[in-house]
Structure formats: C-alpha cells, structure tokens
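Taken together, the values in this text are just the output of simple stated rules run on the coordinates, not laboratory data. Predicted model, so just to flag it, every value in this text is computed and none were measured. Here the Cβ positions follow ideal geometry from the backbone for every residue, glycine too, while neighbour counts run over all protein chains shown.
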Amino acid sequence: MKKRLLPVAVLATAVFGLTACAGGSNDGDGSNADGQTLDVWIMEGTNPDSEAFFDEVGDAFTEETGAELNVEFVQWADAHDRFVTSIAGGTTPDVAETGTTWTAEFADAGALEPITDFVADDDLGDDLVEGLVESGTYDDELYGMPWYAGVRSLVYRSDIFEELGLEAPQSWDDIVAAGDAIKAAHPEMLAFAVPGDAEFGVYPWVWGAGGEVSVQNGDTWESGLASPESQEGIGFYTGLATEHGFSSAGATTWKETDVLDNFAQGNVAMALMGSWTPAAILEKNADLDGKFAAAPIPGKDGGIAPSVLGGSHLSMFSTAENTDLAWSFIKLMTTGEFAEKWGQETGYFPGQQSLLTETMDSDDPLVAPFATQLVDGGASVPVTPTFGAVQAKKTTNTAIQAILSGQKTVEEATSDAAKEMDEIMNGN
Amino acid sequence: MSTTIQAPTPAPGGSKTPRPGVGPVQRNRLIASSRPWLLLAPALAVLAVLLLWPLIRVLLFSLQDYGLREIVSGESNWIGLANYGEILADPTLWGVVLPNTVGFAVLAVAGTVALGTGVAVLMASLGGFWRTVVGSAIMIAWAMPAVTGTYVWVWIFDADRGIFNEALQAVGLQDEPVNWFTNRFSFYAIVLLNVIHHGFPFVAITVLAGLLGVPKEMLEAAEMDGAGPWRRFFQVIVPNLRQVFSVVIILSTIWDFKVFAQVYLMPGGNGTNREALNLGVWSYVESFGQNRYGFGSAIAVLLTVLLLIITVIYVRALLKEDEL
C-alpha cells in the first residue's frame, strides 16, 4: 500500500508546486488564475440591482483572469460584527467593501493588506478622490481603494422656496431669513430639521465657523469642539431649534433616517441630507418629484462649509492567497467602465477623480450641488481607529441632544464632549 | 447518589465461593457507581463544550485588554484585574447605570408579577370559552417580538405625531408637544409599560397553571371557616403557589436586569441620552461598540455574579430549607 501511494503523493506535491509557480510568475495582472475563486463581500442595498451588476462583473473578471468570482452580499447592519467574527476565525474574504470609517480600524488590527504598491505600479494614485484616499490611509500606507463616495449637503423644498421668493441660502444669515419666512408661511412644517442623534450633521457647522473636531499634535489628539469657533458653529446649529424654533421637540431624538422619513412625508423644508437620499425620498413619496433641490452647505459668511465624505473602499484582506488576483478585481471595479456604471446605478459618486469631474457637469439640481460639495467641501473625520470609539460612545450626538433638550448649555456640552474625545482618543 | 443504586446480587454460584467480594463483586460495584455518570457523559460533554468552555473563555478574556488586534494576532494580553477596577471606578456606573437598572428591575418585576397574577386569577374564574379568548389575546402580546413592541410604544409616545401627545393637547393639559424620551423618568416609564406588557403573559399563564392545581377542598374549607376572598387568596392560594412565584420572580428579575432591545431602540436610548443608560446598553456601548471585548467580558462576569447573588437570596427567602 505504502509503496503505491508514494508516487501519487509526489505527483500531488509537484502539481501544487507548479500552481504555486504559475501564480508567482504572473506578477502584475494576475491572469491565468484558472480554477481559482476570489471571495468578495459587498454591502447589500447600495445598488438596487446588484445581482445583475455583479453577474456582469463576474463575466468580465473570468474573461480577464480565468478565475471565478464569488460575491456574497452582506447587510450593513450586521457587517461590522461579521467582519470581526470572520477576522477572529480567519475566514475573511479576499476582498471586501469596507465603510470608510472601518478601513483604518481593520488596518490597525492587522487584518488588511496594504495596496500602496499596486496603486503605484498601475499609476492610479493621482486620479483618486482625495477625501477617500485620506480615510483609506493608515500609517502612510493605503489600505482602502476609493470606490464610491457620498456627501451630505443642504436639501431644501424648491417649491416652497419658489412660492416665498427665496433663493438657496449662501450664508448663515440666509438660512435664518429663509427659516423665518417658511415658519411664518408654513407653521406646520419644520423650517430646518435639527436632529439630535446625527453627528455628521454637526461637523459642517464646526468647520464652517473655522473650528476643528480633533487635531493630531505630535502623539496626542486635541479636540477642538470647545474652541470659540466650534462653539459658535454648534451654537448656531442648535440655535436653529432652541432660539428660532425651526425644528421640533421630536427632532431632539431623531436619527438621520427620521429626517429622511419626515422630509419624504413633506414635514421638513430644509435639512442636511446625503447625496444618496433623493432616490429614497422619491421612492417613498413620488409626489415630491421636482419639488426639492440641493445646495452646498453655506459657511458662516458665505463659501462652502466642509462636510463629511462618506462612502466605501474596496479592501484586500491579509488572508487573500493570490494578491495579484485580488488587485485585478479591485482595479476592475474602481476604475473605468464598471466604476462609472456603479455610480450611475447607485447615485453615488465614483472614487476616481476623472470620472467625478464628468458628473460635475451635470445640470441635475440633485447631482451638481452634491458634486460641488464633494470636490470643494469634502472632509474627513479624524482618521484613527480611536475615533470609531468616539462614534460608538456617541460623544458628539450626546452633546447635541443635551443642548436641544435643555440639559446643558452649548458651553457645558461642548467642553464635556471635547474632554471625553481627548480621553478616548489618547487612550485615557 | 451511588449508594441508592444497589449492585446486582452476584450470580447464584457465587455463594459457593469461600472468599466472596474480591473480584467480580467489587468490579460490579465500580460499574454500578459509575453507570449514572457514564449515562450522563454525552450530555455533560456537550454542555462542557457549549457552555463551560465559553464561560471559561469569558472569564479569561475579562483579565485581558482584548481587542480587534488581539483577535487578529491570536495573542493574549493579560492585564490582571484592571478591567474590573475600571468598571467599579466609573462614576457613570454608580450614578446612572446601576440606579436605572436596579430601580427599573424592581418596578418591572413587581408590575409584571402583580399584573400577571391578577390576570391569572381572572382567567381562573372564567369559563372555558372566555378563558381561551383571554388566553389567546395575552399570548399574542407575549409572542410579539420585543423590537416590534418597542416601536409601537415609541410611535404612541412620539413627540410630534404620537397619539399620547395629541390626546394631552386636545384635552388641554399641555400647549406644546413634549419629547418624553429626553427625560430619564418618563423614558423609563415608557420602557416599564413596554416590558410589563410584554412580560406579564408568561406570569399569567404560569400562575394560572398553579392556581388550577390548588385543591378545591382547601378553599372550600377556608370559606366554611369564614375566610373572605382576600384572606383565601393570601393565606391559602399564595402559600400553595410559593414555588411557582419563586420561579416566576427569579426569571423576571433576570430578564428585567438584562433588558437591552427595549431601551436601545428607543429614541436616545442607544447611548445618546446618557441619563437613560442601563447596564445592557452601557456595556454594549463601552465594550462592543469600541471593540473592547475584555472590558465587556468583565462586565458580563460581574452581571452574572450579581444575578447569582440575587437568585440565591430569593431562593433562600422564598423557599424553606426543606423544600430545597
């Protein structure tokens, strides 16, 4: 028995050796990966017809590399837990879509493979959207390949603005003036929704007044939320509710999804909403078609206030066996034809600068202002895994809700938040 | 245990042997005493793998600073009792989290048991048809998922469009809409309604089963002796149902201590409203939200110990020694 098995074993080893050679000798394009399978996780719901899209991508991928593509769709809500458990069990996919705030976290844990060299070899570095590169970079290495982006801007009811002879706000004073006019003419509406549980609606006012969320100074992070500028911005934002009465008691505990629902129901005239929401609004209420528009968020005295750039990266996990093959897929998805098609089908902006510039020429009142916001006023929250902890603890949301419900003044709430942010981000 | 199981009598031929006992009898006794354990072995092995090992792991994690990085590398990072120290030194725990958790649990257990018992007494006095109707109705409340139930209560108390605020304004009791979720006490009053509504059917059904088992003769005898309905309830029925009540109270306490979804899903209950934090939400926000699995494990260990202590006290107080 033993004697007969031996040659088979030798043969098997030889075959494995050969495939290993084959994989190694094809550096660069990862082609001739016949018989291999690339496992990919993609978030569900971004593209309403993602099955068809990935069938097409799979065919193109197999044609280019010979390998099969195995796409698994993951719910946003469970995704973080699934990543953590699969990291623990060593069963991560080869490539996955990672939310921009997760990339640094997983990179810090050592679960991701840096892709800096791949990007440099293919000369793609100069053509990537800067905000997404910023959030995908950790310790001077790029871990997340910019895929698609979204940004929050000011969304308003253009029919009501027209009725009252108002123009899209260009400054903070304009917002108050428009709000007063709407409140007088339509008291049943929220002139400007100020949700208490939505942190990304807060930072534009901080930045728009010249403040900072948190800045790295050597080895320590210093929160700027309690600076006079930030307090002025947060004071103005919460003041829209507490002083001017543009918001409602219920909005004190609203999340972004509640803002969306209420806007779709016609209860809200102005709010900060994402570039991905217009489609959802129309899906919920088709009557609003043509009755709302977007504008970049105004800075205090004009200009554009920066807004957080959200979106997704494609990241390569360190469990990927054939990194060249994984990169071929990432490149296929994030550049050229498929990147453009994904943007058209989802309503998000591509992560490639040259493609993004094309969309800026659009005359759609629900596309161009968002694109302008993204290019001229796209910003990132501090890129460090510890900021994820700040978000989990809801430091900023807590401050805003406490101001709106009257538990704390702007000064108390912001200095408490800044103190907590510093404690978490500097590891106590 | 082993003494109660008699070793089988030796084979008839055994009596002829001048020196019995050394060989087969002792072996038989050994087999006899180990037999129950052999029979239990498969179940115990499954329990050890599914329950004991995870418990030990949680204990081990609680002594480490265990995060995503440790999960990836698989390395340990022992820090002794530092997690426990951090938990016990946290002012939020003593000022907000524990008062909310304990206060809520006391009220929720009392409310659930009182309402459930009341409904059980009502059902015991109903005829077969109406008992089925009432039973089915409360079963629906019980079967409703906690998430669904919570959203219903949230809509009822919604500040801008909730029926509760609209009713108060229609009657003229308040001029402006009030957001009931921002105040600690009104927040927990709503959670209390939700949890009692969801929890009382279990108590009602369990107590009803016990009520139907109380001997009719005892009640008749008490009535003959001149005991009124209140006296019959508290002096005949309640002592008879002591075991049922202890089970119901212990289980309710454990559930109401660990309440999570009903708080987390409420507006502001996910940690944004710090005054409304309870043990479940606090431990989630502090540990899993921030990938601090060691810290979370330490909280879980402390919660287990706390619940064990409460359970022991209950069992001691509710059941006499000889009933154990």
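Counting only DSSP H runs of at least 4 residues, each contributing -39500 (n - 2.57), and dividing by the residue count of chain B, the helix-based mean residue ellipticity at 222 nm comes to -20000 deg cm²/dmol. Neighbour counting of Cβ atoms within 10 Å sorts the residues B:98, B:88, A:132, fewest neighbours leading, into B:88, B:98, A:132.
The H on the amide N of residue A:311, modeled in the peptide plane, is under 5 Å from the matching H of A:100, A:150, each at least 5 residues off or on a different chain. Please label the shape of region B:147-284 as rounded, prolate or oblate, based on the square roots a ≥ b ≥ c of the eigenvalues of the alpha-carbon gyration tensor (a/c under 1.5 means rounded; beyond that, a/b larger than b/c means prolate, else oblate). Since a/c reaches 1.5 and a/b is larger than b/c, the shape of region B:147-284 is classed as prolate. Cut-off 10 angstrom, C-alpha nodes, Gaussian network model of chain B. Which of B:114, B:105, B:276 fluctuates the most? The residue that fluctuates most here is B:114. Panel order for A:234, B:163, by other beta carbons found within 10 Å of each beta carbon, from fewest to most: B:163, A:234. Converting phi to 3J(HN,Hα) with the Karplus coefficients 6.51, -1.76 and 1.60 and the offset θ = phi - 60°, region B:131-137 yields 5, 5, 4, 4, x, 5, 4 Hz in sequence order, with x at every glycine or proline.
The Rg/Rh ratio for region A:35-80, using Cα coordinates for both the radius of gyration and the Kirkwood hydrodynamic radius, is 1.03.
With the Cα gyration tensor of region A:35-133 giving a ≥ b ≥ c as the square roots of its eigenvalues, does the rule (a/c under 1.5 for rounded; else a/b larger than b/c for prolate; else oblate) give rounded, prolate or oblate? It is rounded, given that a/c, with a ≥ b ≥ c, falls under 1.5. Please give the net charge around residue A:259, taking every other residue with its beta carbon less than 12 angstrom from that of residue A:259, where Lys and Arg add +1 and Asp and Glu add -1. Every neighbour counted, the sum reads -2.
Where only DSSP H runs of four or more residues are counted, chain A gives -15000 deg cm²/dmol as its mean residue ellipticity at 222 nm, each run worth -39500 (n - 2.57).
Build a GNM of chain B with springs between Cα atoms under 10 Å: which of B:193, B:55, B:219 gets the top mean-square fluctuation? Looking only at B:193, B:55, B:219, the biggest GNM fluctuation is shown by B:219.
Taking the square roots of five times each eigenvalue of the Cα gyration tensor of chain A, the equivalent ellipsoid has semi-axes of 45, 24, 18 Å, listed largest first. Stretching residue B:309 away from residue B:225 to a fully extended chain increases their span by 26.1 nm, per 0.36 nm per residue minus the current alpha-carbon distance.
In summary, the helical segments of chain A meeting the span-like criteria, namely a full DSSP H run, a Cα extent along the axis of 24 angstrom or more and a mean Kyte-Doolittle hydropathy of at least -0.5, are A:2-25. Taking a ≥ b ≥ c as the square roots of the eigenvalues of the Cα gyration tensor, chain B is classed as oblate, since a/c reaches at least 1.5 and a/b does not exceed b/c. Listed by chain and number, the aspartates and glutamates whose alpha-carbon sits under 15 Å from that of residue A:393, ignoring those within fewer than 8 places in the same chain, are A:197, A:199, A:416, A:420, A:422, A:423, B:90, B:275, B:286.
Other residues with beta-carbon under 11 Å from the beta-carbon of residue A:68 carry, at +1 per Lys or Arg and -1 per Asp or Glu, a net charge of -3. Which of the residue pairs A:255/A:291; A:183/A:419; A:183/A:255; A:183/A:394; A:284/A:341 have a Cα-Cα distance greater than 26 Å in the structure shown? Pairs exceeding 26 Å: A:183/A:419; A:183/A:394.
Working value for the protein assembly as shown: equivalent-ellipsoid semi-axes of 53, 43, 24 Å, each the square root of 5 times a Cα gyration tensor eigenvalue, largest first. What's the Cα-based Rg to Rh of region B:228-324, Rh via Kirkwood? Checking Rg against Rh, the ratio lands at 1.16. Distances between every pair of Cα atoms in region A:307-428, grouped in 10 Å steps from 0 to the bin holding the largest one, split as 11, 27, 25, 25, 11, 1 percent.
Sorting B:191, B:134, B:113, B:147 by the number of Cβ atoms found within 10 Å of their own Cβ, with the fewest placed first, yields B:147, B:134, B:113, B:191. Comparing A:35, A:201, A:290 in a Gaussian network model of chain A, where Cα atoms under 10 Å apart are tied by springs, the biggest mean-square fluctuation is seen for A:35.
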